[in-house]
Amino acid sequence: MTIDERLDAVWFKVKWAEKHIGDLNNGIAGFIKSKPYKVRAERDPLSRQPTYYIDSIRDLPRDAAAIAGDAIQNLRSALDHLNWHLVEVGCLAQNISLSDSDKKRIAFPIIDHSITTQYETEIARKVKGMRQKTIDKINDIKPYKGGNDLLWKLHKLNNIDKHRFLLTAGLSLVAIDAKSIFPQGSAQILPDGKGGFTSRRVQLFLKPSKPIYPLQKDTKLFVDVPDAEINLDDKFRFDVTLNEPQVVEGEPIGQTLIKLRNAVKVVIDKLTEDLC
């Protein structure tokens, strides 16, 4: 195979993942636009502060989690395809033959730790037959937790999806309209077209320190300032997030998948020249 043929096989998996990511983001946008939630407010008679709660909420369609799992699997598979081609090229260059058992172990190495002896043992099994210069590049990528956390997250999420219906994904609160706290909003500085600048007031949203998740009936969203006007229509912004403890906790699913896609692209670009 030529380098272009090898690359085409690898990038096809990435492109297929991108299609899934696009479909997922479109579906999420439609789901949120449909307002699958109702919010209620209760004003404290003493403090006069309105407190907002989730009054009802619809579950995320199951196909969203399935599509996300497909995207993750294709990204992980792209790395495994790349690894296989790198081993094949290395074996040809070094006149090496692998046993059937060796071939079954070939996969792009992503592991949970960087402990030297264990790391080297696990890496060696997965890259057997590869040229040393290529192995050195993979080591530079640091494909382990604490080294390249995006690759590690990709690996862990893919394993989760293999063993159960993916990823705990659902609607979460990601921003709150701050009009009651900052009535004047925020200033945006723009060119005035005459060589100078002008400003305009824009709506200001505050981001919680972490997304409020999972949302369910009676989840408390926000306690506003005393005598604030109650706004049930556009007070809050929601997104669909992943919540896999110790892997991805409350991160918007669309943004997460794009970050994982970008991490995979970086690996492919770094190792492309080793395919010949």
For the range 22-58: of the residues being in a helix (DSSP H, G or I) and in contact (Cβ under 8 Å) with a residue 40 or more places away in the chain, which is most open to solvent (accessible area, probe 1.4 Å)?
ASP23
Would the range 230-252 turn up any residue that is under 24 Å from TRP16 (Cβ atoms), of a type in the set (D, E, K, R) and assigned to a helix (DSSP H, G or I)?
no
Out of LEU60, LEU46, LEU7, which single residue is within 30 Å of SER180 (Cβ to Cβ), at pLDDT below 95 and among the hydrophobic types (A, V, I, L, M, F, W, C)?
LEU60
Look through the range 150-207, keep the residues that are within 24 Å of GLN73 (Cβ to Cβ), at pLDDT below 75 and in contact with an Asp or Glu (Cβ under 8 Å, 6 or more places away or on another chain), and return whichever of them is least open to solvent (accessible area, probe 1.4 Å).
LEU167
Test: residue in the range 243-258 that is closer than 23 Å to SER34 by Cβ, crowded, with 20+ Cβ neighbours inside 10 Å and among the β-branched types (Val, Ile, Thr):
yes
Would you check if ALA9 is open to solvent by less than 50 Å² (accessible area, probe 1.4 Å) and within 19 Å of LEU257 (Cα to Cα)?
no
The conditions are (1) closer than 30 Å to ARG6 by Cβ; (2) assigned to a helix (DSSP H, G or I); (3) hydroxyl-bearing (Ser, Thr, Tyr); (4) open to solvent by 30 Å² or more (accessible area, probe 1.4 Å), and SER114 fails exactly one of them. Which is it?
(2)
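Would you check which residues across the range 220-240 are over 25 Å from the mean Cα position of the chain (by Cα), modelled with pLDDT of 90 or more and not aliphatic (A, V, I, L, M) and list them?
Within the range 220-240, LYS220, PHE222, ASP224, PRO226, ASP227, GLU229, ASN231, LYS235 qualify.
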Residues of the range 132-149 classified as of a type in the set (Lys, Arg) and buried (at least 18 other Cβ atoms within 10 Å of the Cβ), total:
1
Determine whether the range 121-131 contains at least one residue that is touching a residue at least 24 places away in the same chain (Cβ under 8 Å), open to solvent by 60 Å² or more (accessible area, probe 1.4 Å), within 30 Å of LEU257 (Cβ to Cβ) and not hydrophobic (A, V, I, L, M, F, W, C).
no
Top-ranked residue of the range 59-71 - restricted to ones that are open to solvent by 50 Å² or more (accessible area, probe 1.4 Å) and not in a loop (DSSP other than H, G, I, E, B), ranked as farthest from ASP227 (Cα to Cα)
ASP70
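The values are calculated or read from the model by the stated rules, or taken from the named source; none is laboratory data. All of these numbers come straight from a predicted model, not from anything done at the bench. Reconstructed Cβ throughout: ideal geometry from the backbone, glycine too, with neighbour counts over all protein chains shown. With ligands, DNA and RNA removed, areas are computed over all heavy atoms of the protein, side chains included. Shrake-Rupley method; radii C 1.70, N 1.55, O 1.52, S 1.80 Å.
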